[in-house]
Amino acid sequence: MVFAKRPVLAFLVFALALPASGAEYEDGFVRLALNPVLGRFSLYYMTDPARQRYEALFMDQDPRTSVLTLSLDNKTYRLGESGEFNIREGGTARQPALIFESAALIVTEEFTFIRTGTSQAANGVKISFRIENKGKRRVQAGLRLLLDTKLGESGMTPFVTDGRMIQEEIVFNAEAGLDGYWISGTADGPALMGSLSSGVDRVPDLVHIANWKRLNDAPWSLDFVQGRKFNNPPYSIRDSAVAYYYEPVRINAGESAAFFLLLASRDTRGFVAFSPSEGRALSSSLEESPVPLAGIAARTGALPNVNPAIARSDYNALRDIIDRAEEYLELGVPMNDDEITSIEQDLARIKSRYP
């Protein structure tokens, strides 16, 4: 999702977004940014080594647009937004992780730098998921990872795989068939490559490539519409995303389920010959700094004297304000005075905590 596609009022509201604590990890051509306040990650590829210039491999202006969703006993939880799960950063500099923990469950999202066959250094990550049942009863649990892709949106063919070009909504599963990998990007620019059946220990139950807003609005699965483009008028036009589904499986008390997927820059050999990076991953905490209006997610800083739980609550409040404003815009009716006053009071309360 391109943030500029949102209505202007929503942009002005989110311009007040708060700085968040986190860390960056670098290896070879890859930079990984983890945000434990939001429970999100961003991935960057070095397009200009001489100038140390990186480009995001999927949307990072608002990192909330890519999200990990847990399905637990027929209920869904957007991790990073659900109050039932605490978030922390874990792992090591070589294998950093985001950890989501509730009273009964631990979901770990761990990142390992990888190098694909033709790359001379790390050019991607292996994302390992583990769902651990620390409760006393059996559960049914699965995960969906939604990636807000962007690099192919300006081209004639938003996606390609090792077997086909993709210009409209598509699903990959055991019945429809799984190609080896997908690529989002133009022919002459950087591109994001994601695994389908190639190189993984467990083939995802479903991979759905569709309009971002349609996928994001669905609590879990979305009905496939043959021939539909990546549009959801009036605000979400040529707005693509990829959703990985690992359907719920039975996990007994004290046991866990684990699987992984792969993301990297484009490689003509795909993931056939990928291997863990042998380079040295570097970790650096993001310095404290205000978030610039023109680059909301450019670099985030530590939250001074603010409890992370309060910061997360404030992020959620801002998201609710955006949603309320967009509802009025979509309906084409003016916002009433009481609603405006309520929003102004909420914004004033949030701003008072972040001088």
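The values are calculated or read from the model by the stated rules, or taken from the named source; none is laboratory data. On a predicted model such as this, the values are computed, not experimentally measured, just so you know. Glycine gets a Cβ as well: all are built from the backbone with ideal geometry, and neighbour counts include every protein chain shown. Remember, those area values only see protein heavy atoms, side chains included, never the ligands or the DNA or RNA. Shrake-Rupley method; radii C 1.70, N 1.55, O 1.52, S 1.80 Å.
Looking at the range 118-127, which of its residues are out of contact with any Pro (no Cβ under 8 Å at 6 or more places or on another chain) and open to solvent by 10 Å² or more (accessible area, probe 1.4 Å)? Quick ask: steps written out before the conclusion?
Here is the first cut: in the range 118-127, the residues out of contact with any Pro (no Cβ under 8 Å at 6 or more places or on another chain) are 118-125, 127.
Within the range 118-127, 118, 119, 120, 121 meet the criteria.
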Let me spell it out: the conditions are (1) surrounded by fewer than 15 Cβ atoms within 10 Å (Cβ to Cβ); (2) of a type in the set (Asp, Glu); (3) under 23 Å from residue 175 (Cβ atoms), and residue 217 meets all of them except one. Which number is the exception? (3)
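For the range 70-85: of the residues being surrounded by fewer than 14 Cβ atoms within 10 Å (Cβ to Cβ) and not charged (D, E, K, R), which is farthest from the chain's Cα centre (by Cα)? Walk me through it before giving the result.
As a first pass, look at the range 70-85 and keep what is surrounded by fewer than 14 Cβ atoms within 10 Å (Cβ to Cβ): 73-75, 83.
Retained after the next criterion (residues that are not charged (D, E, K, R)): 74, 83.
Details: 74: 22, 83: 18 Å.
Filtering the range 70-85 for residues that are surrounded by fewer than 14 Cβ atoms within 10 Å (Cβ to Cβ) and not charged (D, E, K, R), the one farthest from the chain's Cα centre (by Cα) comes out as 74.
Find the strands (runs of 3 or more DSSP E) located wholly in the range 41-107 whose residues include 2 or more that are more than 16 Å from residue 128 (Cα to Cα), and list them.
On the way: elements: 53-56, 67-72, 75-78, 86-91, 96-101.
By residue number, 53-56, 67-72, 75-78, 86-91.
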Just one of 94, 53, 64 is touching a residue at least 12 places away in the same chain (Cβ under 8 Å), more than 28 Å from residue 205 (Cα to Cα) and open to solvent by 10 Å² or more (accessible area, probe 1.4 Å); which is it? 94
Within the range 111-168, can you find the residues that are assigned to a strand (DSSP E or B) and of a type in the set (D, E, K, R)? 115, 126, 130, 132, 144
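Considering each of 130, 115 in turn, give the residue that is modelled with pLDDT of 95 or more, within 18 Å of residue 57 (Cα to Cα), open to solvent by 70 Å² or more (accessible area, probe 1.4 Å) and in contact with an Asp or Glu (Cβ under 8 Å, 6 or more places away or on another chain). Even if it seems obvious, please write down each step before you answer.
Working: 130 fails: within 18 Å of residue 57 (Cα to Cα).
Result: 115 is the single residue among 130, 115 that is modelled with pLDDT of 95 or more, within 18 Å of residue 57 (Cα to Cα), open to solvent by 70 Å² or more (accessible area, probe 1.4 Å) and in contact with an Asp or Glu (Cβ under 8 Å, 6 or more places away or on another chain).
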Residue under question is residue 40, and the condition is that it be of a type in the set (Lys, Arg) and modelled with pLDDT under 95; does it hold? no
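Evaluate the range 170-180: report whether one residue or more is surrounded by 15 or more Cβ atoms within 10 Å (Cβ to Cβ), within 12 Å of residue 210 (Cα to Cα) and β-branched (Val, Ile, Thr).
Pass one, the range 170-180, residues surrounded by 15 or more Cβ atoms within 10 Å (Cβ to Cβ): 170-173, 178-180.
Narrowing the set further to residues that are within 12 Å of residue 210 (Cα to Cα) leaves 170-172.
Cutting the leftovers down to β-branched (Val, Ile, Thr) gives us 170-171.
Checked against the condition, which is being surrounded by 15 or more Cβ atoms within 10 Å (Cβ to Cβ), within 12 Å of residue 210 (Cα to Cα) and β-branched (Val, Ile, Thr), the range 170-180 yields at least one hit.
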